Amino acid sequence: MAGQTSNTLRNHLAAVKEGTRRFENAFQGVARMILDGEIRKVVVNGKTTYDFDIFRTGKKHVIGMYDEINSFVSYVKDAAEGGSSKEMAYVLVGEPGNGKTFLVDFLCAKYREFLSKPGNRKFTFRFNNVDQLGSYGRIKTIESQTYEDPMILGMNPFEDPGENRAFLAREIGFSEAEVETLYDNYRPMGACSGYIWNDIRNHCDGDLDRMLGFVEIIPVPLTESLGTVTGKYPAKDKITSSAVDLLGEESIQRLLHITDTNNPYRFDLRRGALARVAGGGIHFSDEIFKNKKDLVQVYLGVIQNRNIEIDGYKWPIDTLIIATSNNSEFNRFLAEKEEAPIVDRCRICYVSHNTNYKLQSELTAYSIGSEARTTLTRESLHQDPNLNYATSVAVVLSRLARSEKLTPIETMKLAAGEVAGEKSIKALAEVIDTLNQDPDIIKRFGQKGLGQRNLGRALQLLIESSETNEGQCMFAYDIFKCMERIVLDYVSDANDRAKYLEDLKIAKGLYRERIMTEMFNAYMDEPMAIRKDVMNYVNMIIGIDAENLGPDKMWKYKDPQSRELRALKIDERYIQSVEDRLGLKTEEHRESFRTTIRKIYGQKITVEPNYDFMDNLDLVKAVTDVRLKSDIAGAGSLIGALANRTNEENQKLYDRMVDTMLNKLGYCMTCAQKTIEYFCTQEDEK
């Protein structure tokens, strides 16, 4: 019996007063969930924006999407503070396979998790012993169909609004200011709850204590499969979908019990998707504009008035409405001018593809999968250490629009926050601004390209190919052939096809440079050999003008990474060789390049002490070439030595390099041999 007394309305209202339970609308709940987490400032494409920790937690979380998430958070915050957003739906529009549905599903999962914590739980009420009222047949208990908050009942116990406020202040002890705050979220009771409450009032002759004896407070179930609190309504086929799916309909079973034909409880609202999320939930309408016209019209009323309306009866709902749509479907919808009012009630957010190749590597890892892969014959399948890089670079290049100001590689590097020679992040920001002025959405920055699904298909082709199964390894270079196949099979527009194939060529060039570095590391028998040499060059050009430089050219400096005192011999011949490889012939050019490097070093080292210049591809390539040349008379002769293994010396070199690749660089026998073979060809040389 003790448990029975704790779920009375008075106890619930007292718990809200004490702060152990909450009364807030869906927007306030979602905003609190997001803003309670950590918020960081990040720079994306040259602009400062915010990053919310809640979207970056969990095994498979949202990657990138900074602008979209910021836009969503500001929409929810505006609605939570009573702005115009509370009468709008939030619609994500974009190309297929760029993570719209994933983002919304992720948000819903986080919201359920948030509500399951004590203090955040949603409650509703039900009427017990309804059969005593006489006109409900054998129906004994009736739950609020729209999961109304008990506070809604607490604000509407009497017919006179003034008396209701007095009840909250007198009996529960809310101060005047608290009552005002509660009434900011005031809603009348839904048609059926109000009607039943009136029947109970008549039955009890208006005695509030007896009336409240019929009321029991219960938690809202959070089971995902019930569609309560977060519900997804996918666009169904044209014939069977109707307003019933959203709003509900008359229930024949209830009509068999209810004798009073005016009773709105004869409508079964839970048959529809909206009533189940009406108590502070999230309604997710997937592909909203694919629905039939009449359904979209239903949304019109629901979004604006936040009401479920059937036959003149109204049930107020408290729901955050999020929808997604495809670009082509959305454009087709816009073309029909009479549908303008619905778009007018939507906050449209155009979702672009991810254009940062470093972040893409995490997305590619999702597609490759975390499980250990096996061949068709159940043997374990190895993954080439360069596979993720090759795949990520190829898809990201396809998403970058061409521009006269920047080459595709410069755009790619700047978009990942890296250094691109003389070009600054400002140049990228200007390119993005210019592109985003285009009224045609598809032409904006990052809006078009190979999406995550195409990437997944390419990886499927790679895994099913006979070479992969025979060699028991997903060799990185093979991904380019698979990508080509996907472009030819799935991209219908001829101009897009030509661009994507061109992008694949650029990606192959980048892969080639990556392999040069890998081969140098293998040759030096050290995973980070090239990084060391690049940093040596950087430190030499910083120390060359140092005052404490003796005639022996030894320079002592404090390493910002390890904080230790280091000594470095400045080798001017080495500096000159690197700069020759970079094509810097005159003294002015050399000095200008050195100044740039010093400037970058100065800016970067304070922010990230481990910065290593490995993103400066031209410098890395020049250092690799110089080292290969000085160590064994030219990269050409390393290629010769590896290709022609008839003499013992060359065979020894080959075996040693393969051994390093297997034991230190993460290769398997198949990809080590194939990578060396590829290195020995002249393919994809720029």
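The values are calculated or read from the model by the stated rules, or taken from the named source; none is laboratory data. Given the structure is predicted, the values throughout are model-derived calculations rather than measurements. Heads up, the Cβs are rebuilt from the backbone with ideal geometry, glycines too, and the neighbour counts pull from every protein chain shown. In case anyone asks, the SASA skips ligands and DNA or RNA and just uses the protein heavy atoms, side chains included. Shrake-Rupley method; radii C 1.70, N 1.55, O 1.52, S 1.80 Å.
Quantify how much of the Cα-Cα distance distribution of the range 160-229 extends past 17 Å, in percent.
Every Cα pair in the range 160-229 considered, those over 17 Å come to 62 percent.
Could you give the C-alpha radius of gyration of the range 586-631 expressed as a fraction of 2.2 N^0.38 Å, taking N as the number of residues it contains?
Compared with the compact-globule rule of thumb, the range 586-631 sits at 1.33.
How high is the FRET efficiency between K481 and A643 when r is their beta carbon distance and R₀ equals 22 Å, given to the nearest 0.05?
0.45
Which angle from 0 to 90°, rounded to the nearest 10, does the C-alpha axis of helix 9-18 make with the longest principal axis of the chain?
Its long axis makes an angle of about 40 degrees.
Measuring from centroid to centroid over Cα atoms, what is the spacing of the range 32-79 and the range 320-361 in Å?
After rounding, the separation between the Cα centres reads 19 Å.
Taking θ as phi - 60°, what are the ³J(HN,Hα) couplings along the range 26-41 by the Karplus curve (6.51, -1.76, 1.60), each to the nearest whole Hz, with x for Gly and Pro?
4, 5, 5, x, 5, 4, 5, 4, 6, 7, 6, x, 6, 10, 10, 8
For the range 220-225, what does the Karplus curve 6.51 cos²θ - 1.76 cosθ + 1.60, with θ = phi - 60°, yield as ³J(HN,Hα) per residue in whole Hz, taken in order and with x for Gly and Pro?
Taking θ as phi minus 60°, the curve returns 6, x, 9, 5, 4, 5 Hz for the range 220-225.
Skipping prolines and chain starts, which residues have an amide H placed within reach, meaning under 5 Å, of the one on I321, given they are 5 or more residues away or on another chain?
Those lying under 5 Å, H to H, from I321 are Y90, H283.
On average over all directions, what projected area in square nanometres does the range 108-197 have, based on the convex hull of its Cα atoms?
In nm², the orientation-averaged hull projection of the range 108-197 is 7.8.
Could you tell me how far the Cα centroid of the range 515-546 sits from the Cα centroid of the range 223-288, in Å?
Cα centroid of the range 223-288 versus Cα centroid of the range 515-546: 65 Å apart.
May I ask you to derive the relative contact order of the chain, considering only C-alpha pairs under 8 Å and at least 6 residues apart, and to give it as an integer percent?
Relative contact order comes out at 13 percent.
Which whole-Hz ³J(HN,Hα) couplings does the range 504-515 yield from phi under the Karplus relation 6.51 cos²θ - 1.76 cosθ + 1.60, θ = phi - 60°, glycine and proline marked x?
Once θ is set to phi - 60°, the couplings for the range 504-515 become 5, 4, 4, 4, 5, x, 5, 5, 4, 5, 4, 5 Hz.
Report the Cα-based extents of the range 461-595 along its three principal axes, largest first, to the nearest Å.
Projected onto the principal axes, the Cα atoms of the range 461-595 cover 65, 36, 25 Å.
Taking all protein chains as present, what is the carbon and sulfur share of the accessible area of the range 105-240, in % to the nearest whole number, probe 1.4 Å?
Looking at the range 105-240 in its full context, I get 50 percent from C and S.
Based on the Cα gyration tensor of the chain, what are the three equivalent ellipsoid semi-axes, each the root of five times an eigenvalue, rounded to whole Å and given largest first?
64, 28, 23
Excluding same-chain residues fewer than 8 positions from K47, which lysines have a Cα within less than 23 Å of its Cα?
Correct list for K47: K77, K100, K358, K405, K413, K423, K426, K443, K448, K599, K604.
The range 300-394: Rg/Rh from Cα coordinates, Kirkwood Rh?
Across the range 300-394, the Cα-based Rg/Rh ratio is 1.24.
Where the eigenvalues come from the Cα gyration tensor of the range 469-535, what are the semi-axes √(5λ) of the equivalent ellipsoid, largest first, in whole Å?
32, 17, 6
May I ask which of K117/K140; K290/K508; K292/K314; K59/K86; K236/K337 have a Cα-Cα span longer than 28 Å here?
With Cα atoms farther than 28 Å apart: K117/K140; K290/K508; K59/K86.
Expressed as a whole percentage, what fraction of the accessible surface of the range 468-608 belongs to carbon and sulfur atoms when a 1.4 Å probe is rolled over the protein heavy atoms?
Summing carbon and sulfur atoms, their accessible area is 49 percent of the total for the range 468-608.
If you take the C-alpha gyration tensor of the range 510-669, multiply each eigenvalue by 5 and take the square root, what semi-axes do you get, largest first, in whole Å?
Taking √(5λ) for each eigenvalue gives 30, 18, 15 Å, largest first.
Please report the antiparallel percentage of the DSSP beta bridges confined to the chain, to the nearest 5.
The antiparallel fraction comes to roughly 50 percent.
State, to one decimal in nm², a quarter of the convex hull surface area for the C-alpha atoms of the range 260-353, i.e. the direction-averaged projected area.
7.1
For the chain, report the accessible area per residue in Å² (1.4 Å probe, heavy atoms, rounded to an integer).
46
Spin-label point model (7 Å from Cα, Cβ direction): what's the A498 to Q576 distance in nm?
Label at A498, label at Q576, 4.8 nm between them.
Rounded to the nearest 500, what is the 222 nm mean residue ellipticity of the chain from helices alone, with -39500 (n - 2.57) per DSSP H run of 4+ residues and division by all residues?
-15000 deg cm²/dmol
Across 5 Å bins from 0, what is the distribution of all Cα-Cα pair distances for the range 11-108, in whole percents?
Values per bin, smallest distances first: 2, 11, 19, 21, 20, 13, 7, 4, 2, 1, 0.
Which far-off residues, 5 or more places away or on another chain, put their amide H under 5 Å from the one on K122, with H placed in the peptide plane?
Answer set, sorted by chain and number: V220.
Rounded to the nearest percent, how much of the accessible area of the range 319-378 (1.4 Å probe, protein heavy atoms only) is carbon and sulfur?
C and S fraction of accessible area: 51 percent.
Take the range 77-118, compute every pairwise Cα distance, and split them into 10 Å bins from 0; I just need the percent in each bin.
Once binned at 10 Å, the Cα pair distances of the range 77-118 give 24, 34, 38, 4.
For C346, which sequence-distant residues (separation of 5 or more, or a different chain) have an amide H within less than 5 Å of its own amide H, given hydrogens modelled in the peptide plane?
Under 5 Å from the amide H of C346: A89.
Can you give me the pair-distance distribution of the range 349-426, C-alpha pairs, 5 Å bins, whole percents?
3, 14, 20, 19, 15, 10, 7, 5, 3, 2, 0
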